[in-house]
Structures are given as C-alpha cells and as structure tokens.
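Quick notes on the structure that follows.
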Amino acid sequence: MRNVVQSQLTIVFEPPFYQAVFERWYQNQYAVARVNCGTVAPKSAVILDLVMYHWDAIHWYQQLDVDTVQDSRRVNPKRLQRLARKAVVNGTSTKAQLALSRQHEDQHATKRIALRDAKQRNQAERFEQRQAKHREKHRGH
C-alpha cells in the first residue's frame with residue numbers, strides 16, 4: 001500500500017497582506033495552514049523558498065477523518081490546468097476557510113484560558129505578599 005500526500009497552495013490577497021494558504025490531504029487527514037507573505041505580491045522565488053526550505057516550520061491545523069477523501073488517481077494534465085484556472089477564479093476553498101476559522105477560535109480559547117490562569121496566579125501572589133507584609137508588621141507585639 002502506498003501513501004499519497006496531496007498538497008495545494010493558494011495565494012490570497014486579504015488587504016493589506018498577501019497570504020499563502022496551504023492545504024494537505026494524507027490518508028483520512030486534512031490539514032490547512034496560513035502563512036503571511038507581506039504586503040507585496042510574492043515572487044515565485046519566495047514561494048519556492050517557502051515550500052523547499054521552510055516547510056517544516058509551517059504550523060498545520062489538522063482535522064481527522066475527512067468525510068470526502070480526494071481521489072488518488074492520475075489526472076489528465078489538461079484537466080489539471082482547467083482545475084487550476086478555476087481555483088484562481090474562485091480563490092480559497094470553503095473547507096480551508098472553515099478550518100482556519102476553527103484554528104483561530106481554538107487559539108483564542110487557549111490564549112484566553114492562559115491569560116485567566118496567569119491573572120489568578122498573579123492575584124494569589126500579590127495576596128500572599130500582602131499577608132506576609134501584614135504578619136511582618138505585627139511581629140513581636
């Protein structure tokens with residue numbers, strides 16, 4: 001059994017930044033990642049550098065058990081050209097947008113929990129400092 005990994009890269013302009021949206025299908029897993037490319041349209045050399053040398057640094061958001069797994073058959077090159085042209089007109093797929101929004105929500109929730117915990121630790125530490133100061137003032141009376 002051979003494992004096939006399929007990937008797709010879409011460059012999207014969301015003012016004021018150009019963003020690279022990576023989509024990856026592997027067995028029953030779907031993963032998506034977004035990389036900020038700056039305010040100027042990325043040249044093909046920059047994209048090639050991103051894919052070849054910074055692929056390991058990309059943070060993927062994965063979804064398990066994808067209901068629609070892409071077909072791994074060989075596709076006619078002319079059909080691939082038509083699909084690429086259609087993708088350029090339509091832009092980022094809805095599945096990628098949904099996955100990225102879920103990733104953003106998850107990151108927001110974890111950040112909110114971490115901030116709440118840090119605030120509680122800080123308050124407890126300040127309370128202990130005040131109690132220690134209070135005990136020190138009344139020591140010996």
_Please count how many residues of the range 1-43 are exposed (fewer than 11 other Cβ atoms within 10 Å of the Cβ) and within 17 Å of the chain's Cα centre (by Cα)._
1
*Enumeration of residues in the range 79-105 that are within 18 Å of residue 24 (Cβ to Cβ), of a type outside the set (A, V, I, L, M) and without any contact (Cβ under 8 Å) to a residue 24 or more places away in the chain*: 94, 97, 101
*Out of all the residues in the range 95-118, which are of a type in the set (Gly, Ala, Ser) and out of contact with any Asp or Glu (no Cβ under 9 Å at 6 or more places or on another chain)?*
101, 109, 114, 118
_Can you tell me which residue is farthest from residue 7 (Cα to Cα) among those in the range 44-69 that are surrounded by 12 or more Cβ atoms within 10 Å (Cβ to Cβ) and at pLDDT below 70?_
66
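Please work out if residue 103 is in a helix (DSSP H, G or I) and at pLDDT below 90.
On the way: in a helix (DSSP H, G or I): yes; at pLDDT below 90: yes.
In short, yes.
The values are calculated or read from the model by the stated rules, or taken from the named source; none is laboratory data. None of these values were measured; they are calculated from a predicted model. Note: ideal-geometry Cβ built from the backbone for every residue, glycine included; neighbour counts use all protein chains shown.
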